[in-house]
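What follows draws every value from the coordinates through simple rules; no lab data is involved. Keep in mind that this is a model prediction, so the values were computed, not measured. Methodologically, a virtual Cβ is constructed for each residue, glycine included, from the backbone with ideal geometry; neighbour enumeration extends over all protein chains shown.
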Amino acid sequence: MPSGYIDIESADKKGKFKAYFTSNPYLSDLQRPPGIVIIQEIFGISPFLREMANRYAAHGFAVLVPDLFWRQDETLCELPDQSEIATLKAFEMYKNFDIEKGLEDIAASLRWLRENENTGGNTAVVGYCLGGLLAFLSGCQLDIEASIGYYGVGIEKHLQNINMIRKPMCLHFAENDGFVPKKTQEEISEVFKNSELVKVYPYSGVDHGFARTGGANYDRASAETSDTRTLSILKKALIR
């Protein structure tokens, strides 16, 4: 199946939403790769997320990046940059975002990957910013093999869900994150300090968005370290 946008029907039958799909074109017809859902930042299906999808596809995964803002605007949310206008629109969409409906749409995306004839059964999620929170909640509430969140905003408000975690989870945080204060990061780290399933990694001297190539806060060393850890978890959880 070639890379590009596909339509996914929502679980509540309210409509269909777009998602960017990609997989390794060199896999044989007999190989059905495991699936990853990449969960968006507030900038929608950005060039950065498509880049990450293509990277993971090169490692042998089938990757889906759903447009989770479709319920507010059926036009594909694909903000190309972080200009002032784009940022204002992104924060407006974020402010009106329904987390529970977002999780429903993530579940529908995972189901599409499991049921698609070109992909395998094992699935995981990787999320950034807003997606970092949704990755955490997905790891608590959805049937997946692993969940990875980058600088998730608001995780501390949902720690009552931690007893639901059954599979490996990894949370990456930026030491100087203005959206996730250091005190909050320490609270989250303390909660999981003895966990066998959840790993919390702090990255010193960097700010929110350190993994976003092309972003103002991009830090190559921290991005490469965190991505290496993420890939290791995904391979162990999904490729058996």
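Laid out as a table, the results:
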| read-out | value |
| --- | --- |
| Dipole magnitude of the range 30-131 about its Cα centre (Cβ charges: Lys, Arg +1; Asp, Glu -1), debye to nearest 20 | 400 |
| Dmax and Rg, reported as Rg then Dmax, of the range 4-238 (C-alpha, Å) | 16.5, 50 |
| Filtered trypsin sites (Lys or Arg not before Pro), the range 78-136: DSSP coil and at most 15 other beta carbons within 10 Å | none |
| Bridge type composition, the range 127-240 - antiparallel percent by DSSP, nearest 5 | 0 |
| Rg/Rg_globular for the range 136-178, with Rg_globular taken as 2.2 N^0.38 Å and Rg from C-alpha atoms | 1.16 |
| Lys, Arg +1 and Asp, Glu -1 on Cβ, resulting dipole of the range 163-237 about Cα centre, debye, nearest 20 | 400 |
| Fraction of antiparallel bridges per DSSP, the chain only, in percent to nearest 5 | 35 |
| Peptide ranges 150-156, 40-46 listed from the most packed, as the mean C-beta count within 10 angstrom indicates | 40-46, 150-156 |
| Descending principal axes extents, the range 101-186, alpha-carbon based, whole Å | 45, 23, 23 |
| Mean separation of Cα contacts under 8 Å, 6 or more apart, over the residue count of the chain: relative contact order % | 16 |
| Exposure proxy order (Cβ contacts within 10 Å, fewest to most) of 78, 84 | 84, 78 |
| Net charge dipole size for the chain [Lys, Arg +1 and Asp, Glu -1 on Cβ; Debye, nearest 20] | 600 |
| Over the range 124-240, relative contact order from alpha-carbon pairs under 8 Å, at least 6 apart, % | 22 |
| Order of 172, 59 under a 10 Å beta carbon neighbour criterion, fewest first | 59, 172 |
| Relative packing of 48-55, 12-19, 142-149, which averages over residues the other C-beta atoms within 10 Å, highest first | 142-149, 48-55, 12-19 |
| Fewest-first sequence of 220, 32 by Cβ atoms within 10 Å of each Cβ | 220, 32 |
| Cα gyration tensor shape of the range 56-117, rounded if a/c is under 1.5, else prolate or oblate by comparing a/b with b/c | oblate |
| CD proxy at 222 nm, helix term only [per DSSP H run n ≥ 4: -39500 (n - 2.57); per residue of the chain; nearest 500] | -11000 deg cm²/dmol |
